[in-house]
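Here is the structure we will look at.
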Amino acid sequence: MDIHLWRGAYSIREVQISKTTGNVPVPLFAAKRLDFALEWKALLHHKVVGRLLIEEPELNFVDAPSEDETQTGTGGPWLQMIRDLFPFKINSAVIRNGTVHFRAFQTQKPVDVYLSQLDATIDNLGNIRNETTPLVSTVTATALAMDQAKLELKMTLNPFSYRPTFRLVLRLLDWMW
């Protein structure tokens, strides 16, 4: 762990979360570095919120015939783990050079469908600028699908809207809060 007092931050290197039951050969999540920092410009709005930087993350979903060998990440205490690591609301997140895999090791032909070179930013999750008229959050991402096809995503959303169409996005964002 590295502490950066001058910017109100600390970093954790070589993070890995693995399933402890069954036989899953890859971790659910791994990252070269997690960096938690205070957003100093948010203090101008009288808010204490943070920023999360994730360098070289790898996320692995695994399909298998039995529950012990399947890995989805559901049911894990992820939100509480992040709160334990960083007690402030996360207002923005940056992902650099990540990968996301869907794998099936126990099929006749092993499957690995993935995104690589994933870079993403998520801004204004805490709506720190205007509480009376909520501002939208923005999500931008680029990646390569199977190292071949370029993927671009640009999205705006209201993180406080609980419409069914946003339920999936909110679940993804909820682990960051």
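The values are calculated or read from the model by the stated rules, or taken from the named source; none is laboratory data. Being a predicted model, the structure only gives us computed values, none of them experimental. Heads up, the Cβs are rebuilt from the backbone with ideal geometry, glycines too, and the neighbour counts pull from every protein chain shown. Just the protein is used for accessible areas: all its heavy atoms, side chains included, with ligands, DNA and RNA removed. Shrake-Rupley method; radii C 1.70, N 1.55, O 1.52, S 1.80 Å.
Close Cβ contacts (under 6 Å, 6 or more residues apart or on different chains) running from residues in the range 32-46 that are open to solvent by less than 80 Å² (accessible area, probe 1.4 Å) to residues that are in a helix (DSSP H, G or I) comprise Ala37/Arg7. Annotation note: of Ile12, Ile90, Ile3, Ile95, the sole residue that is surrounded by fewer than 12 Cβ atoms within 10 Å (Cβ to Cβ) and assigned to a strand (DSSP E or B) is Ile3. In the set (1) open to solvent by less than 70 Å² (accessible area, probe 1.4 Å); (2) over 26 Å from Asp2 (Cβ atoms); (3) touching a His at 6+ places or on another chain (Cβ under 9 Å), the condition left unmet by Gly22 is number (3).
Restricted to the range 159-174, and to residues that are open to solvent by 50 Å² or more (accessible area, probe 1.4 Å) and outside any helix (DSSP H, G or I), which residue is modelled with the highest pLDDT? Once the filter is applied, the top-ranked residue is Phe160. In the set (1) at pLDDT 90 or above; (2) not in a loop (DSSP other than H, G, I, E, B), Lys109 fails one condition alone, (2).
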